[in-house]
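Only one structure is covered here, and it is reproduced in the block below.
What follows draws every value from the coordinates through simple rules; no lab data is involved. It should be emphasised that the depicted structure is a prediction, and the values quoted were computed from it without experimental measurement. Virtual Cβ from ideal backbone geometry, glycine too; neighbours counted across all protein chains shown.
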């Protein structure tokens, strides 16, 4: 009888495993953000400055707009796509396959763009109340930035334009390869992602002007031309001349521009531009080229004159300003500033004289984002690591009392949007165990009401490896966060080939308590094929505080490698890890770390894949490299020890290097130099390029990339 029961049990297990789906490389890479992403309510957002919210979902297989008062939290059908198309037809507009992105003006009125027209939708009357032609702007326009009053800034080629009062104004006329207007500067470091900044009422425009005539021109090969041609870009390498940036103020009414007198030296960084509420002043965090001395300055927006340095920040290693000041509502004489000055990124309250009123947040955790104030300016909402470095929660701090409260509940990663009056918040939660939850919170009593609970797991029919997040201790006892995928049908008595995926560099965190651990579905594909997949966030990674992040200063690759070796030792301690079949893989800084491990610790990994790797830091750009390494002249030993071409002779395992031929971030020269060094030293490596791709291989070719990586791993290792 017992044998019969055991036999039936084994048959049921086999049938269960057989019934489960298996991922393909294409599925894992191309579908993880659409059909294999967790269910969600689309366009979940507040409706203007009200406490009503809206979202798009399917009802009876029809795309439908739902709305609700947050207080009642009873979403109701408001408009179907069929009804919207009927309204569009009345205005001689084409049908929409799904709801366009709607910007809500109020609980009843929203606008969206269609066929180069601005359409206003009135939910109360269920009509399209107006259809207005959008401004006639050049089809070559880029970097469009719309002001609160409807003015629009944009660029064409290297010049800046403004659309105002039904006319296009040309702000600059001498834009060129060497002189660029209205675009992001400083290689998009310091949180800079754009080049234009409208004043609160939209009456004035601050913009960047970048003179890069002294920056070396660098060739990007265009192989589609016959013969091939060199497309030149400006690429300032560590230790070389940088660009000269100034900030202009343009007045559309007078068609006049004044430049702020930001002074010398020419090679400094003008970061975190912000306007005063009255539009009279512009504030800039001015950082020296050594990036260890910041001056927070105020300038007169009318004359361009420097007025005052409100405060300064210094650090023996580096200061990294990432966020502009934000003024407190109803208190134009007070603002908040985010800084790592006490070792963790926290929020400080200042008055406009530069006097610090108080430090609003403090502790061995950090602020990862500011969500805004309530209407009265009494409370500030922010996201933090208050629970753990691998989770995120929305909190609030009272500006008067300094009391900090955590609002969101449920361990994981919360992304939240606060209503205008600060009474409610819309929240998305994901964790290792929760594909997605979408909820409404009352900020006062922290009551949580689900809008979407127990979202369907898109991977429920797939065979998945066991995923876990845990810590191990570094040599000095510091906890290091790790993510691990165990093979499907894991058996601790067997040995498995093990893939170490790493990044290890600044401004990135690989291990997060979110769906699939923040990793790619390709990791689960590898687990299905009998591989352990392991990742460790080493010293230098973000969101652990200044000491943890600055440990790599002037010696990139050293502290990070020590921590990664702790991870390797952890793996070696497990009887189920096949030490003879270990793989390491990383991209960008992770490509640097992969190659670094292969030439500095050549006996650990049988196979390695390095994508877009930095090989020699003196060939990388100024803003990033000099922050962490200083210059080749001031830190020759640091640059020498991290120049991987000098260690190519140590290579033992199989190394595949992959690079995009048009990479403007880690230029192709890096991997070519390493390839040349390997040839010179009679070392064989495998090399694969992606013609026409930049730093990351994106689009449909990404599946090809992972086919190549997978094939290489399978070819040289074997899951037993």
(request) Would you kindly calculate the translational diffusion coefficient of segment 203-275, applying Stokes-Einstein with the Kirkwood radius from alpha carbon pairs, for 37 °C and a viscosity of 0.692 mPa s, and quote it in µm² s⁻¹ without decimals? (result) 219 µm²/s
(message) Based on alpha-carbon centroids, what's the gap between segment 504-550 and segment 648-720 in Å, whole number please?
(response) 21 Å
(request) Return 663, 603 ranked ascending by Cβ neighbour count within 10 Å, so the fewest neighbours appear first. (result) 603, 663
(request) Return the Cα extents of segment 639-715 along principal axes one, two and three, sorted largest first, each rounded to a whole Å. (result) 37, 31, 18
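What value in Å³ per residue do you get for the convex hull of the alpha-carbon atoms in segment 455-555?
Output value, Cα hull per residue: 124 Å³.
Just want the ordering: 95, 122, from fewest to most Cβ atoms lying within 10 Å of their own Cβ.
If I rank by nearby Cβ atoms, fewest first, I get 95, 122.
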(request) Write down the Kirkwood hydrodynamic radius of segment 467-716, to one decimal in angstroms, obtained as one divided by the mean of 1/r over all alpha carbon pairs. (result) 18.3 Å
(request) Averaging sequence separations of C-alpha pairs under 8 Å and six or more residues apart, then dividing by the length of the chain, give the relative contact order as a whole percent. (result) 9 percent
(request) When a/c is below 1.5 the answer is rounded, else prolate if a/b is larger than b/c, else oblate, so apply that to segment 592-720 with a ≥ b ≥ c taken from the square roots of the Cα gyration tensor eigenvalues. (result) oblate
(request) Can you bin segment 248-331 into rounded, prolate or oblate? Criterion: square roots of the alpha carbon gyration tensor eigenvalues sorted a ≥ b ≥ c, rounded for a/c under 1.5, prolate for a/b above b/c, oblate for the rest. (result) oblate
(message) If you average the C-alpha positions of segment 303-320 and of segment 170-225 separately, how far apart do those two centres end up, in angstrom?
(response) 23 Å
(message) For the chain, what does the helix formula give at 222 nm: sum of -39500 (n - 2.57) over DSSP H segments with n ≥ 4, over the residue count, nearest 500 deg cm²/dmol?
(response) -5000 deg cm²/dmol
(message) What whole-number distance in Å separates the alpha-carbon centres of segment 411-481 and segment 570-640?
(response) 32 Å
(message) At a 10 Å Cβ-Cβ cut-off, how would you order 244, 592, 450, fewest neighbours first?
(response) 450, 244, 592
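Classify segment 42-133 as rounded, prolate or oblate, taking a ≥ b ≥ c as the square roots of the eigenvalues of its Cα gyration tensor: rounded when a/c is under 1.5, otherwise prolate if a/b is larger than b/c and oblate if not. Mind dumping the intermediate values first?
Working: a/c = 2.01, a/b = 1.37, b/c = 1.46.
Verdict is oblate for segment 42-133.
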